[in-house]
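The values are calculated or read from the model by the stated rules, or taken from the named source; none is laboratory data. If you're wondering where the values come from, they're calculated on a predicted model, not measured in any experiment. Cβ sites come from the backbone with ideal geometry, for glycine too, and all protein chains shown count toward neighbours. Side chains included, ligands, DNA and RNA excluded: accessible areas come from the protein's heavy atoms. Shrake-Rupley method; radii C 1.70, N 1.55, O 1.52, S 1.80 Å.
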Amino acid sequence: MRFVIFGAGAIGGVVGGQLFRAGIPTTLIARGDHLDAIRDRGLTLDLAEGAETLAVPAVAHASEIDWTSDTVVLICVKSQHTAAVLDDLQAHAPLTTPIVSAQNGVANESAILRRFPNTYSICVMLPALHLEPGVVVQGSSATPGILDIGRFPVGTDDVAAEISSDFATAGFESVPRADIMAWKYRKLVLNLGNGVDATYRRDGDATAELMRRVRDEGEAVLVAAGIDVVSDAVDRERRGDLIVRRDSGEDSIGSSTWQSIARGAPDSEIDYLTGEIVLLGRLHGVPTPANELVHVETARLIREGLAPGSLDPRAALAAISTL
C-alpha cells in the first residue's frame, strides 16, 4: 500500500516514520512549525537506540498527494479536527480510497463513513510523545506498538489484511479484527484517564481514586447502553509484554491530552473521550458526576491557559461527593 498519514504528531509520526524506515511508500500531512521542520530537516524519530532523522515526504494538504488506486489514508489527528480533515479529503481523494481512523475515541469512524464507504478503524496501543516541531518519540523500546485493524462497523477484508501486513513489516504488532469497535470501546475506558492526567496534579491515592471513578462510570455507561466491549482481561492479554516502556514509569510519558495542553493547543480531544461517556450517560439515564467534572474542568484549564496537571484532585473528589 501507499500510505498517507494525515496528522504527523506523536502517533502519526511514529507510525509514518516506521513505515518509511521499512521502505513502504509514505507521505505525511502536517501543519505549522512541525511541517516546516520536517520539510527543512526531516522527521526525527527518537528511538531507544538513538534518534534517527528520516527524509519522509511531507505536505500541507490532500491536494498535494498523488492519489493512486493503492493509496490508503491513516487519520491520526485529534478527534476535534476530524471534520476539517474530511473536508480536505473529500475535495481531493477518490471516493473509493480506504480511510482509516487511527485515533482515540469512537465517534470518528461514523463521521468518516458519512463521506467515504471504505472506512476502517485501528485500536492504537502505542506510547509516543510529540512536544517539539519535527521530533516524535517512540515510547517503547521493544515492539513500537499494537495496531489491530478492522472494517467499520464490523468485519475484515483484503484491504485490512494488507494494511495489517504492512504494519507488521514495519515492526508493529497487528492483526485484522472483525470486532474492532469492541476493542476501541475498551480503549475509550482507558482513555478516560486522559482528562485526569491532563488536568490534575499527581497526588497518590487521590489521583488513583479519581481515575477509578471515571473508569467505573465508563464501564457502567457502556453496560447500560448495551455496547459490546472486550474485557479488561482480554485487553491486558493482548498487550502482554509486547510494549516495553523506555522511561522510568508508566506515567512518565503524558497522555495525548496532556501533550496537547503542554504544546499550548487551543483545544483538546476531551469532548470525544470523557465527553463520550457523559453523552452516553445522559442518553441512558446513568449518572456520571466524575466524568462531568473532569470534562468541564479540562475545558476550563485550556480556556484559561492553565498549566497541565495543575488542579487539585482532592478538591475534585470533594466536589463530586456533593453532586
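Tally time: how many residues in the range 298-323 are among the hydroxyl-bearing types (S, T, Y), in a loop (DSSP other than H, G, I, E, B) and open to solvent by 60 Å² or more (accessible area, probe 1.4 Å)? Going through the range 298-323 one residue at a time, the tally reaches 1. The set of residues from the range 179-200 being open to solvent by less than 10 Å² (accessible area, probe 1.4 Å) and assigned to a loop (DSSP other than H, G, I, E, B) comprises just one member, L192. Scanning the range 95-128 for residues that are of a type outside the set (A, V, I, L, M, F, W, C) and assigned to a helix (DSSP H, G or I), we see that the one that is surrounded by the most Cβ atoms within 10 Å (Cβ to Cβ) is N108.
The residue that is surrounded by the fewest Cβ atoms within 10 Å (Cβ to Cβ), counting only those in the range 1-43 that are closer than 13 Å to A128 by Cα and more than 16 Å from the chain's Cα centre (by Cα), is Q18.
Residues that are open to solvent by less than 50 Å² (accessible area, probe 1.4 Å), of a type in the set (D, E, K, R) and within 17 Å of H295 (Cβ to Cβ) within the range 201-224 comprise just one, E217. Looking across the range 150-165, the residues that are hydrophobic (A, V, I, L, M, F, W, C) and either part of a helix (DSSP H, G or I) or within 18 Å of the chain's Cα centre (by Cα) (or both) come down to F152, V159, A160, A161, I163.
Has the range 225-239 got at least one residue that is surrounded by 14 or more Cβ atoms within 10 Å (Cβ to Cβ), more than 16 Å from the chain's Cα centre (by Cα), at pLDDT 90 or above and within 16 Å of L126 (Cα to Cα)? Checked the range 225-239: at least one residue is surrounded by 14 or more Cβ atoms within 10 Å (Cβ to Cβ), more than 16 Å from the chain's Cα centre (by Cα), at pLDDT 90 or above and within 16 Å of L126 (Cα to Cα).
Quick one: in the range 201-243, of everything that is in a helix (DSSP H, G or I) and among the β-branched types (V, I, T), which residue is farthest from V286 (Cα to Cα)? The selected residue is V234. Of all residues in the range 166-178, those satisfying the criterion of being assigned to a loop (DSSP other than H, G, I, E, B) and over 20 Å from A128 (Cα atoms) are V175, R177, A178.
The set of residues from the range 251-266 being at pLDDT 85 or above, at negative phi and exposed (fewer than 14 other Cβ atoms within 10 Å of the Cβ) comprises just one member, P266. For H295, the conditions (1) open to solvent by 30 Å² or more (accessible area, probe 1.4 Å); (2) not in a helix (DSSP H, G or I) are fulfilled apart from (2).
Name the single residue, out of those in the range 52-87 being among the small types (G, A, S), in contact (Cβ under 8 Å) with a residue 24 or more places away in the chain and over 18 Å from Y120 (Cα atoms), that is least open to solvent (accessible area, probe 1.4 Å). Here the residue is A62. Which ones in the range 287-323 are under 26 Å from T82 (Cβ atoms) and among the β-branched types (V, I, T)? Matches in the range 287-323: T288, V294, V296, T298, I302. Of the listed requirements (1) of a type outside the set (S, T, Y); (2) open to solvent by 50 Å² or more (accessible area, probe 1.4 Å); (3) assigned to a loop (DSSP other than H, G, I, E, B), Q90 misses just one: (3).
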